[in-house]
Each structure stands twice: as C-alpha cells, then as structure tokens.
Amino acid sequence: MKLRTFINITAVLVASIGGTVSAQNVYTLEMCREMALKNNKAGAIAELTAEKTGYDSKAYLANFFPKISASGAYLFTNMESKRTIKGNYLPTFVPDPATGQLKPNVLTMPDGTPLMGADGNPVFREYAYFPDMSLDLRTNGTYFAGIRAEQPIYMGGKISSAYKMSLIGKEIAELNKDLTRAEIIVKTDEAYWLHLKAVESRKVAKAFQEVVGELLRNVENAQKAGMRSRNDVLKVQVQANKAELQMMQVENAVRLSRMNLWQIIAPSNSPQGQEMLVSDDLKTDTRISPSGGVEARPESSILDKQIELKSQQIKLVRSDFLPNIGVMGNYGYIHGVKLNDSPLFDQASLSALVTVSIPIFHWGEGMNKIRAARAEKQIMQLKRDDLSEKMELERIQTLDKLNESELEVTMTVRALEQAEENMRTSREHYEAGMETLADYLEAQTLWQQAWLENINAKINQKLNHTYYLKTIGEL
C-alpha cells in the first residue's frame, strides 16, 4: 500500500468518526483551560480565600481607630432599702463678735473657763433637737444611656503586627491563587492530551481494521478461487478479530477520557454532550530553550511570605508581655436611684478613663513563648531551603524528560516512516508471491505499533512541556 493510500484512509476515517465538524463543538487546549479555570471548584475556593483575607486585613486595620459604641440599660426590681436615723440633741454655736467665727455656746465659770458636766463634756447653754429621719432608697426604674469611645494608645505593637500579618496572609492567598491556577492547568492538560491520545489511537485502530479487513476480503476471494488455503483465511481472521477488539477498547478509552475531561472543564451537574471534538495540536512544535529557575514559582514566593509571617508572629507574641495603654471616654445620661421618692441622679455627664497595664513577672512565660516563635521561624526557613532544593531538582528532571521526549518524537517519526515503507514493500512482495502471509501480517502489526508509539511520544512531549513550564512558574 502506498503512502498516499494511508493518508486517504486517515482522511476518510476523520470524516467518518467526527461527522460534520461544523455541527459539533471543537475544543482547543486554550478553551479547555479557560473553562476549567472558570468552573473548577478549587479555583473558586482559592478566589474566595483571597477575598476573605482582604476582608480580614480591613478588619485588622480598624483596630487603629477609636471604637465608638452606644449603650443603654433599664433596671426593674422590687428591691428597696429602708433606714431610720435616730433623733438627738445637738449642741449650738454663737458668733464671736470679735472674729465673726462661730464658737460653742457653752456655759462658763466666772473666770471664763467652760463649765464641764459629769460626763466630762462642756455644758451648752442651749441644745437643738434633731428628730428621727426615715430614709427610703429605691433602685427600681433606674435607666441610663450613653456613647462611649475607646482608643488604644500603645499595645506593645500587637495591633500593627496583627495588621501586617493580615497583609502577608492576603499576599499568600493571592500566590495560592496562582498555584491553584497552575495545578488546574496541569490537570486540564493531562485530561486534554490523554483524550486526544485516545482519539488518535482510535484513528490507528480504525486504519488497522480497514487494512486487515481489506486483506481478509482479498484472501477470502482468493480462497474461493482456489488460490489460497483455508488456513490463510483463518490467520487473517485472527488478525481481524484482534483489530475488532482493539477498536472496542479505544472506543471505551475515548468515551472515558472525554467524560474525565468534561468533568474538569464543565460546570457542576452540567450535562455532557454526546460529541466533543478536540483540535489536533500534535503537530505543534513545543521545543523551548531552557530558561528561568524556580524563583518564579508561587510555591517559592509562598515560603518567603510564610517566613515574613513568622517574623511578625514573634512581635505579636512579644506584645503580650509589654505595657498596654488605652483611653476611654463616655458621655451619658442617668436617671433613677430614688431617695424618699426623689431621684438622686437626673443629669448628663462626661467621663474619661486612662488604663495602663504593665506585666511584671510571669515566671519566664514571655521569654519562652518568644523563643518558641523564633524556633518556628527557623523551622520554616529550613523547610524553605529544603523545598527550594527539591524544586530545583524537579526542574532539572522535567527538563531532561522534555529533551528525552523531543528525541523520542524524532525517533518514532522515523520509525513510523520505516514501518510504512516496510508494510508497503511487504504487501508488494506478498502479492507477488515472494513473501508469506505471516510476514505481511507481522508488517501490519509493526506499522500499527510504530504509529501508536509515535502518538505516545507526541503526547508525552506535550505533557512534559506543561510539567516543565509549571516547574519554572510560567503556567
């Protein structure tokens, strides 16, 4: 069979398998990536996480400003307090004409000394009588309302450290979005190229089935004419059965790989179309010049930010053991607490309060917590260094695999050309009676294997290209 015959067969198979292209949806790799990034749940979670950290930063920023609140209360109770102050006689005072000051109005001796009573106290000329006094104190119906403002002055750096930590957390969330995006793209590429591999394998199986079927018809016709034996027909029939089984297997592979790709790129619970064509990009050259390192990877930046986060955490721990100063102002109105049915409070008032808290001794708690926080930072630095080395090793490995896959593509293309030429020659020799049927069947099998190996090599090249871009942070 000549080379153009294979090309014609392939063209016919593409038309017969895919139907009318204009009547179906054709999905390119970029389209699948965009759909996956839009509909993937992991991407939505990363987006919401970044949005949440933005709100957290704004919430921590509010701690720098005064907190203003309004409050009010009303007391209903049947509790009351009744007391009586006993009456008694009280001494009197008279003004001193010389000084104008009040002096005790006591009886005096002729020599001017006060007259003392039997109890040793001075005897007054006159006494005033103070009657019993009843006191009835009631708190029922007391209410107050006011506005309060609280402003931290110095909290040991706690507020600023917490705010900076929230900003770092926001940056980490944004970097995690990039990391999630790269992971979604890798997952999409894997599903896309594996589906395309199944589609291409179906073309191989169909072409192989057509070639074997043509041979079977020729041998059967020759057997009817008495030119071939029944054994030759059975040999080709075994090959045809094998081709039919392979066709069923690749059909199942196409269906499952299509379902897998659709699950990744489509919205949740969306019905999958019966037909889903992917564009043939296997001819696209993916050779790239090795460039870049792991510094551009989101994972590397996330580790750096986590170390910054640990530095701020040390300051936050230290702030718990530093002085705290705050001020509070209140303006309110209070009414109630009645004494003998007259309210004691019935006015508005302004008050201010300054609080100072100075930790003195905590049995080494603060120092040990700070040391623990510093140890966590050192652990994170070691993890960063270890992961950086692993990422660099991964970059080198993926680059080597990419180079190997590019060489493999070149070799399998050459092998396919040789297998096609070998099958063409074998067919000519078989038809001329210079080669056995078994040799021709073997040539067909080698041609099919070479075609499949070429497809596998190209798919591996595409996937290794994606993996390498991820390792250098260019996805």
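The values are calculated or read from the model by the stated rules, or taken from the named source; none is laboratory data. Source: prediction; values computed, not measured. Cβ: placed from backbone, ideal geometry, glycine included. Neighbour counts: every protein chain shown. For accessibility, only protein heavy atoms count, side chains too; no ligands or nucleic acids. Shrake-Rupley method; radii C 1.70, N 1.55, O 1.52, S 1.80 Å.
Yes/no matrix, rows are residues, columns are (1) open to solvent by 50 Å² or more (accessible area, probe 1.4 Å); (2) at pLDDT 90 or above; (3) in a strand (DSSP E or B):
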{"site": "G292", "(1), (2), (3)": "yes, no, no"}
{"site": "S301", "(1), (2), (3)": "no, yes, no"}
{"site": "Q313", "(1), (2), (3)": "yes, yes, no"}
{"site": "S351", "(1), (2), (3)": "yes, yes, yes"}
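Check the range 357-371 and report whether any residue there is in a strand (DSSP E or B), surrounded by fewer than 16 Cβ atoms within 10 Å (Cβ to Cβ) and touching a residue at least 12 places away in the same chain (Cβ under 8 Å).
Yes, some residue in the range 357-371 is in a strand (DSSP E or B), surrounded by fewer than 16 Cβ atoms within 10 Å (Cβ to Cβ) and touching a residue at least 12 places away in the same chain (Cβ under 8 Å).
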In the range 39-60, how many residues are open to solvent by less than 70 Å² (accessible area, probe 1.4 Å) and not small (G, A, S)?
5
Could we say that K67 is open to solvent by 80 Å² or more (accessible area, probe 1.4 Å) and over 60 Å from the mean Cα position of the chain (by Cα) here?
no
Just to be sure, is E420 in contact with a His (Cβ under 6 Å, 6 or more places away or on another chain) and closer than 21 Å to F208 by Cα?
no
So which of L216, L234, L245 is crowded, with 17+ Cβ neighbours inside 10 Å and at negative phi?
L216
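Which of the residues spanning the range 201-228 are closer than 19 Å to A438 by Cβ, among the charged types (D, E, K, R) and under 60 Å from the mean Cα position of the chain (by Cα)?
The initial filter retains those residues of the range 201-228 that are closer than 19 Å to A438 by Cβ, namely 208, 211-220, 222-223, 227-228.
Checking which are among the charged types (D, E, K, R) leaves us with 214, 217, 220, 228.
If the condition is that a residue be closer than 19 Å to A438 by Cβ, among the charged types (D, E, K, R) and under 60 Å from the mean Cα position of the chain (by Cα), then E214 is the only one that fits.
Could we say that S319 is within 30 Å of T466 (Cα to Cα) and either open to solvent by 80 Å² or more (accessible area, probe 1.4 Å) or in contact (Cβ under 8 Å) with a residue 60 or more places away in the chain (or both) here? First the steps, then the outcome.
On the way: within 30 Å of T466 (Cα to Cα): no; either open to solvent by 80 Å² or more (accessible area, probe 1.4 Å) or in contact (Cβ under 8 Å) with a residue 60 or more places away in the chain (or both): yes.
So S319 fails the test.
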Determine whether N422 is within 30 Å of I153 (Cα to Cα) and either part of a helix (DSSP H, G or I) or of a type in the set (A, V, I, L, M) (or both).
no
Residues of the range 93-145 being touching a residue at least 24 places away in the same chain (Cβ under 8 Å), out of contact with any Pro (no Cβ under 7 Å at 6 or more places or on another chain), open to solvent by 90 Å² or more (accessible area, probe 1.4 Å) and farther than 30 Å from Q347 by Cβ, which ones?
R125, E126, Y129, D132
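I'd like the full set of residues that are over 30 Å from A443 (Cβ atoms) and open to solvent by 90 Å² or more (accessible area, probe 1.4 Å), limited to the range 380-416. Give the derivation first.
So in the range 380-416, the residues over 30 Å from A443 (Cβ atoms) come out as 380-403.
Hits for the range 380-416 are L382, K383, E389, K390, L393, Q397, K401.
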